[in-house]
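Written below as structure tokens is the structure these notes are about.
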Amino acid sequence: MESEASVIIAGNWKMYKTNIEAVDFIRKLGEKIAPTKAQVLLAVPFTAIAPAAKEAEGSLIEIGAQNMNDASEGAFTGEVAAKMLIDAGAKFVILGHSERRRYFNEDDAFINRKVKRALKEGLKVILCVGESLSEREAEKTEEILQNQLKACLDGVSENDIKHLIIAYEPVWAIGTGLNATAPVVEETHLVIRQILATLYSEEVVKKVSIIYGGSVKPANAQAYIDEPNIDGLLVGGASLDLDTFDQIVNYQHHANT
Ligand code: PEP
């Protein structure tokens, strides 16, 4: 990809870490990655956004959220709005994660409304898409990705897509230890870029970052990054341990310095 952006290493902490644990992790990670040129993003639990963002100030780490509601505000008990995330210090939000689709029945239409709301309020979006194992085995990967991308990006303008990162996360590879190999991911990212090219201009599409997520570890991270169409990684389980995450981030440190 001819992107000017550096490689993105994003961590998704899911429902882990108290505020004290989050702040301690970010302080230590900030010290370790000082010279890296990788863009390091951490999606922390809602409760940790404010202290995490404060700790990350002046470092190379950006703090974000793992979800939000599509409404600007309202009587939606237990929900959190985009402007509240921004107020707490979030710079981005993960939307469409397969765990939200699976456990909370989020469909593409709802995700699409969230994407538009997030972009309108000024949050960057990491939009997750990906097929299940049975869909891949039935050779439906392209069809599934096309459906998800078209639906989730409906009404998202050429200008707004610049603030969006696509995370290809095959559902069968998330938290299972079964990672998709780098060549398979590279091929799928090309398919995603082709689908995007049916929706946006070529110039914009080549600048959209497409990152991979699914059982990324220090041992396999480099193989992905070395592929031309894999612009970064979304790391779940392996982002929870400081040394493990640092090893993934630090590959970029060596590559870029
Ligand atoms: C994720 O939660 O986005 C993810 C990719 O998880 P894991 O790295 O644990 O597979």
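The values are calculated or read from the model by the stated rules, or taken from the named source; none is laboratory data. These numbers were taken from a predicted model, which means no experiment stands behind them. With ideal geometry, Cβ positions are generated from the backbone for all residues, glycine too; neighbour counts draw on all protein chains shown.
For the range 7-21, residues that are of a type outside the set (Val, Ile, Thr), within 13 Å of the ligand (Cβ to nearest atom) and touching a helix residue (DSSP H, G or I) at 6+ places or on another chain (Cβ under 7 Å) total 3. Restricting Ile111, Ile144 to residues that are of a type in the set (Val, Ile, Thr), within 16 Å of the ligand (Cβ to nearest atom) and not in a strand (DSSP E or B) narrows the list to Ile111. For the range 128-139, what are the residues that are modelled with pLDDT of 95 or more, part of a loop (DSSP other than H, G, I, E, B) and more than 13 Å from Ala180 (Cβ to Cβ)? Selection gives nothing. Taking the range 1-51 as the range and being part of a loop (DSSP other than H, G, I, E, B), of a type outside the set (Lys, Arg) and either modelled with pLDDT under 95 or on the phi > 0 side of the Ramachandran plot (or both) as the test, the residues that pass are Met1, Glu2, Ser3, Glu4, Ala5, Ser6, Val7, Ile33, Ala34, Pro35, Thr36, Ala38. Looking at the structure I just gave you, is Ala65 buried (at least 19 other Cβ atoms within 10 Å of the Cβ), out of contact with any strand residue (DSSP E or B) (no Cβ under 6 Å at 6 or more places or on another chain) and either at pLDDT below 95 or on the phi < 0 side of the Ramachandran plot (or both)? So Ala65 does not fit the description; no.
You will find that of Val185, Val205, Val216, the residue that is surrounded by 14 or more Cβ atoms within 10 Å (Cβ to Cβ), more than 22 Å from Tyr251 (Cα to Cα) and either within 16 Å of the ligand (Cβ to nearest atom) or β-branched (Val, Ile, Thr) (or both) is Val205 and no other.
Between Ile166, Ile161, the distinction of being in contact with a strand residue (DSSP E or B) (Cβ under 6 Å, 6 or more places away or on another chain), buried (at least 16 other Cβ atoms within 10 Å of the Cβ) and at negative phi belongs to Ile166 only.
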